[in-house]
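Undergrad: One structure is given below, represented as structure tokens, and several questions about it will come after.
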Amino acid sequence: MKKKLVIIGGGFAGFWSAMSAVRQSREINRENELEIILINPDNYMTIRPRLYEVSLEGLRVPLDKYFIPLGIKQVSGKAEIIDPEVRIVTVSTDQGVHRYGYDYLILASGSQLKGMNIPGFQYTFNLDTYQNAQRLEDHLIRLAKADFSGDGARTFVIAGAGLTGLEAATSIEEKANLLRKKYAGSGADFKVILLEKEKEIAGMYAKDAQTYIVSTLQHKNITTMTGTYVKEINQDQIILKDGTAIQTQTVIWCAGMVASSLTSFLNGKRDASGRLMVDQFLKLAGHPEVIVAGDVASVPVDTDGHISLMACQFSIDLGKWAGHNAVNDLFSLPLKAYMNESYVTCLDLGQNDGLFTTGWERKLLYQGAEGKSIKTRITRELIYPGEVEETVKASSPERPVKV
Ligand SMILES: Cc1cc2nc3c(=O)[nH]c(=O)nc-3n(C[C@H](O)[C@H](O)[C@H](O)COP(=O)(O)OP(=O)(O)OC[C@H]3O[C@@H](n4cnc5c(N)ncnc54)[C@H](O)[C@@H]3O)c2cc1C
């Protein structure tokens, strides 16, 4: 009887887990003894890092292209319950509820925007999923068709100046302008306001990178308001804690991510984002047949005490390690420890602007058009899988040599 590897989640971590499991099972000549089942709500891997972009085209990679030729079974549905005692995952699908037994489980169900208990939160938009980015786009099209008329139609408020908030703030005007032109509207003066609860913008960056970000926001006429909290949201205005009211029909919420709630079915320590704390082999203490990868995992990544972040750089890597280690564990072979000593970040700051930083202090290496072009190459090329066999080969758990 074949051993069953069940993967929950078809994002970066789940997809690369599946590729790596195929590769490693071939490597040890056990591919005929392994069945891989991946559960995801739909047949796509969504390229979440691009959901803030002006166009949503090409942001979903069809899983079938890889899974059909490689014999991976994809279940379209939502895993509702994991029962680690009996090793069964209960999944709701359009055809009803199904139960899948496993010999080994990779949990890779990612993260989601943290819901907020603020009156009117339901009026906010976000860039968390493809469907939510589409909802924002549909809203902007409606505004464009009405020539952005009406109170607050030309003002965009972005709540949260983390990486996603900065990217949303510096791209929204370009997006609105394109739609305005497409729907034959007249000229519109847009206003973009970026709200941040911390005292300064981009405080997570080194001084040089922070200075560049702040000056770029100024140059692009983006108003920043720091040390501020949102108290209430209505359809056409937002009210801040100090009573300031801003007329707007578009609030894009970019503050706070939490790990998928499926983590609650497994025992283990969690960090502040709800991620399960695993060892460097991605294993969870007390669950010998479970590996956790991607945004649901908090993994030590070096000998200096750094921990993985919710970022696709880690999710892709962790998927490669997860598939490899799950197969080796199933067939009693040694596991490979994860290490990443070359942490980098890249950020899009709109037309002609972007940055690339190195190290955990996030020091500026490239900025301006050069920074933007590196960012674009990473998110439009390097994080996409290539052709099927090329992708299987690329799933080896190796990191580029540190430079
Ligand atoms: C707007 C935005 C911009 C970003 N920009 C960057 C960036 O510039 N650089 C960077 O490194 N990272 C960025 N990130 C973060 C990056 O996208 C995530 O770290 C990455 O997607 C995590 O990969 P993952 O596979 O762990 O999870 P996800 O990509 O979240 O994939 C999880 C998958 O599991 C599925 N799933 C969830 N629950 C269930 C369930 N119950 N049953 C079955 N399937 C389930 C989901 O539908 C999804 O397909 C950005 C994220 C967003 C939202």
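The values are calculated or read from the model by the stated rules, or taken from the named source; none is laboratory data. Please read all numbers here as calculations on a predicted model, not as lab measurements. Heads up, the Cβs are rebuilt from the backbone with ideal geometry, glycines too, and the neighbour counts pull from every protein chain shown. These area figures cover heavy atoms from the full protein model, side chains too; ligands, DNA and RNA do not enter into them. Shrake-Rupley method; radii C 1.70, N 1.55, O 1.52, S 1.80 Å.
Undergrad: If you place +1 on the Cβ of every Lys and Arg, -1 on the Cβ of every Asp and Glu, and leave all else neutral, what size is the dipole of the chain about its Cα centre, to the nearest 20 Debye?
TA: 160
Undergrad: Would you pull out the residues with amide H under 5 Å of Ile307's amide H, same chain only if 5 or more places away, H placed 1.01 Å from N?
TA: Val301
Undergrad: While we're on this one: May I ask you to give the percent of accessible area on the range 153-240 that is carbon plus sulfur, with a probe radius of 1.4 Å?
TA: 48
Undergrad: Could you point to the residue in Ile238, Ala21, Ser109 farthest towards the positive end of the chain's charge dipole, with +1 and -1 charges on the Cβ of Lys/Arg and Asp/Glu respectively?
TA: With unit charges placed on the Cβ atoms, the residue in question is Ile238.
Undergrad: Connecting C-alpha atoms closer than 10 Å in a GNM of the chain, tell me which of Arg275, Arg23, Arg99 has the biggest fluctuation.
TA: Arg99
Undergrad: Give the percent of DSSP beta bridges with both residues in the range 121-251 that are antiparallel, rounded to the nearest 5.
TA: 35
Undergrad: A 21 angstrom limit on the alpha carbon distance is what I want to check against. Which of Lys283/Lys393; Lys175/Lys372; Lys78/Lys375; Lys199/Lys231; Lys283/Lys363 exceed it?
TA: Pairs exceeding the cut-off: Lys283/Lys393; Lys78/Lys375; Lys283/Lys363.
Undergrad: Separate question: How do 29-41, 138-150 rank on mean C-beta neighbours within 10 Å, highest first?
TA: 29-41, 138-150
Undergrad: Same structure again: In a Gaussian network model over the chain where Cα atoms closer than 10 Å are linked, find which of Ser298, Ser215, Ser273 has the largest mean-square fluctuation.
TA: Most flexible of the set in this elastic network: Ser215.
Undergrad: Taking 8 Å as the Cα distance limit and 6 or more residues as the minimum spacing, I'd like the relative contact order of the range 121-251 as a percentage.
TA: 30
Undergrad: May I ask you to derive the relative contact order of the chain, considering only C-alpha pairs under 8 Å and at least 6 residues apart, and to give it as an integer percent?
TA: The value is 19 percent.
Undergrad: Here is a follow-up. Mind listing the phi-derived Karplus ³J(HN,Hα) values for the range 327-332, rounded to whole Hz, using 6.51, -1.76 and 1.60 with θ = phi - 60°, and x for any glycine or proline?
TA: Values, residue by residue: 5, 5, 5, 4, 10, 6 Hz.
Undergrad: What accessible area per residue comes out for the chain, rounded to a whole number of Å², with a 1.4 Å probe?
TA: Per residue, the chain has 45 Å² of solvent-accessible surface.
Undergrad: Rounded to the nearest 500, what is the chain's calculated 222 nm mean residue ellipticity when only DSSP H runs of at least 4 contribute -39500 (n - 2.57) each, over all residues?
TA: For the chain, the value works out to -8500 deg cm²/dmol.
Undergrad: In terms of modelled amide H atoms, which long-range or inter-chain residues lie less than 5 Å from the amide H of Leu34?
TA: Here the answer is Lys3, since their amide H atoms fall under 5 Å of that of Leu34.
Undergrad: Show me 175-186, 10-21 ranked by packing, highest mean number of other Cβ atoms within 10 Å first.
TA: 10-21, 175-186
Undergrad: Go through 349-356, 104-111, 360-367 and give me the packing order, highest mean Cβ count within 10 Å leading.
TA: In decreasing order of mean packing, 349-356, 104-111, 360-367 become 104-111, 349-356, 360-367.
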